[in-house]
Amino acid sequence: MTGTVVAIDGPAGAGKSTVGRAVADRLDLDYLDTGAMYRAVTFAALRRGVDPMDEQTVATLSAAVDLRIEGRSVFVDGVDATIEIRGREVTSAVSAVAANPAVRAELVRRQRAWVAERGGGVVEGRDIGSVVFPDATLKLYITASPRVRAERRVAEIGGDVDEVERSIIDRDRKDSTRADSPLTEATGAVVVDTSDLPIDAVVEQVLELMPA
């Protein structure tokens, strides 16, 4: 591992991306949302008519796909997929792709290469502190109650809070019980609950945790 690496893990909708981007800006580091990478592979599979449950074909695809993340934009085989990867179709299929061990191995390789090229970074996902960068400078587990996370998601993209909450709970269950690299609090990670905290306060709390 090279340079300063802040590893941020936690469930969907807990505020990882917002916190991660703000911390990256304050520390003058690049930021990587690894969840966008799994969504990008899912998008590529759906676009090519590949069943996301077809482990071998999706694994082969993950190694071949041209995937670029530039700031908040995500390009898949040269196509700007930034909006599409957050859509309902990709969201409903991404858990199957993220549970594919060969896909995870390929994307972990790409994540480590991304940090090596930049000499550090703020990296956010589900297994960053536990698997990808176990020796990170700072490891965080950012969480919030399912209800709060549902309310935030609905405020962003609309929908029914109860329905979104059920979906979030189901996604948590899938992420935390999958066989390969499950969602978990990494050893040495600091748990930050954002349920009742404004983002600015969370960012300040994180910056205070950074080693001198």
* To do: Sort out for me the Cα centre separation of segment 50-77 from segment 105-144, rounded to whole Å.
  => 19 Å
* Asked: Treating the beta-carbon of each Lys and Arg as +1 and of each Asp and Glu as -1, no other charges, what is the dipole magnitude of segment 18-82 about its Cα centre, to the nearest 20 debye?
  -> 140 debye
* Structure fact -> Exposure-ranked with fewest Cβ neighbours within 10 Å first, Val191, Val103, Val202 stand as Val191, Val202, Val103
* Asked: What's the longest bit of the chain with no exposed trypsin sites (Lys or Arg not before Pro), using DSSP loop states and at most 12 other Cβ atoms within 10 Å as the test?
  -> 73-212
* In whole percent, what relative contact order does the chain give with Cα contacts below 8 Å and a gap of six or more residues? -> 34 percent
* Asked: Karplus couplings for segment 82-99 from phi (6.51 cos²θ - 1.76 cosθ + 1.60, θ = phi - 60°), rounded to Hz, Gly and Pro as x?
  -> 3, 7, 4, 5, 9, x, 5, 5, 5, 4, 6, 10, 5, 4, 5, 5, 5, 8
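Using unit Cβ charges (K, R positive; D, E negative) and no other charged atoms, how large, in debye to the nearest 20, is the dipole of the chain about its Cα centre?
320 debye
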* Structure fact -> Between the modelled labels at Lys174 and Ala102 (7 Å from Cα along Cα→Cβ) the distance in nm is 2.0 nm
* To do: Please name which of Val122, Phe133, Gly188 has its Cα lying farthest along the dipole of segment 59-212 towards the positive end, using unit charges on Cβ (Lys, Arg +1; Asp, Glu -1) and the Cα centre as origin.
  => Phe133
* Taking springs between alpha-carbon atoms closer than 10 angstrom, which of Gly158, Gly121, Gly129 fluctuates most in the Gaussian network model of the chain? -> Gly158
* Along the charge dipole of the chain, Cβ charges K/R +1 and D/E -1, which of Ile83, Pro101, Ile142 sits furthest on the positive end? -> Pro101
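Where a number appears in this text, it was derived from the coordinates with a stated rule and is not lab data. Computed from a prediction, not measured in an experiment: that's the story for all the values here. Please note: Cβ atoms are built from the backbone with ideal geometry, for glycine as well, and neighbour counts cover all protein chains shown.
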